[in-house]
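The values are calculated or read from the model by the stated rules, or taken from the named source; none is laboratory data. If you're wondering where the values come from, they're calculated on a predicted model, not measured in any experiment. Quick reminder, even Gly has a Cβ in these numbers, built from the backbone with ideal geometry, and neighbours come from all protein chains shown.
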Amino acid sequence: MGVELNDNRGLICGFALQPDASATPLDAAAIDRLAPSPANPVWLHFNYNDGRARDWIANCPWIAEEGREALLVADHSIRFETAGSGIFIVLGEAYADDRESFGVFNVYLDRHCMVTTRRHQLTAIGKLRNDLAQGLALSNTTALFLRLLEHKAATFAKSTQDCIEALDDFEELVFSGHFRRASNLGRERQLMARVRRQRAGNRQAMGEMLEHPPTWWDEEATMDLRRAIARLTSTAQDLDLAADRARLLSEEIDSRMNEATNRNLYFVSVLAAVFLPITLISGVFGMNVGGLPWVEDPYGFFWTMLLMAGAILTVLWFLRRRGIF
């Protein structure tokens, strides 16, 4: 996985929000002249891997000191905390180019700006960026953040649906008798466990934000946040059901593999029992001692083969009589 570095001083994208109009893109030169306000809010998204981005954040005068400190701490734990008049939240997200890998992004939010940082390209942030680039009008940072949460919920819903579809394929393989081809089920279960951990962390952080919303949030924004949490909860229930299906399917595969192993061992055991007498006979006639029968008889080989065939038939009759096969 490559690390995206650009020559725009670590700024991945920037937008100046405008009421009832499309957002205006910002470049690195423009952000030095910014003086954002609640009437003219901005969104800046930085690549945390670029030291120039970290330097710019550390010296930005209109980000609260608590927000600057939180954005610059290299802590990957999902959490929520207040930061002056704003909030700071770390959320987990799937990589845009690898559904099995997850990272985090940091969000500082107040009335006049939203500043985000990440180390790897992430799905929800990329969707929000595309929305604004395609002309979506968002008038304030609250609407911007809630739009980001919508994309996050959609991303987790998509991950859950991918897991469910993969389980459908595994079930078809198992119940059609091709259970040996379902060897990647364990990997899918590990992915579901990671998705569940990320979802639980995000829900907890968002729940804490719901309990301590910014003072400048209105009731409608709080309701939208509550709906986003409810959507995550609904996705979690689907994922829990999928995890139960995966566990039962894994047990079914283990059962079928044990059954196949037992059948193979049974076949080997019966085969060994059938050939044991002729092994004994061949061992006896292989001894270099006097007195062996049919040594001088020109039909000795024929009689020996007949004896072996009789021994095999006798063993088969005995096994059949005992109901072994």
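Set side by side, the residues N8, N49 differ, and just one is more than 27 Å from the chain's Cα centre (by Cα), part of a loop (DSSP other than H, G, I, E, B) and of a type in the set (S, T, N, Q), which is N8.
Quick check on this structure: which one of A153, A157 is assigned to a helix (DSSP H, G or I), assigned by TED's automatic domain parsing to the domain that holds Q237 and crowded, with 18+ Cβ neighbours inside 10 Å?
A153
Residues in segment 19-46 that are of a type in the set (G, A, S) and either assigned to a helix (DSSP H, G or I) or exposed (fewer than 14 other Cβ atoms within 10 Å of the Cβ) (or both): A21, A28, A29, A30, A35, S37, A39. Under the condition of being more than 33 Å from the chain's Cα centre (by Cα) and part of a loop (DSSP other than H, G, I, E, B), which residue from segment 52-99 is nearest to T215 (Cα to Cα)? Looking at residues that are more than 33 Å from the chain's Cα centre (by Cα) and part of a loop (DSSP other than H, G, I, E, B), I get S85. Quick check on segment 66-78. Is at least one of its residues modelled with pLDDT under 90, assigned by TED's automatic domain parsing to the domain that holds R189, in contact with a strand residue (DSSP E or B) (Cβ under 8 Å, 6 or more places away or on another chain) and surrounded by 15 or more Cβ atoms within 10 Å (Cβ to Cβ)? No, the conditions are met nowhere in segment 66-78. Residues in segment 160-180 that are assigned to a loop (DSSP other than H, G, I, E, B) and either hydroxyl-bearing (S, T, Y) or surrounded by 14 or more Cβ atoms within 10 Å (Cβ to Cβ) (or both): 1 in all.
Checking each residue in segment 239-262 for being more than 17 Å from D169 (Cα to Cα) and under 19 Å from the mean Cα position of the chain (by Cα) picks out only D240.
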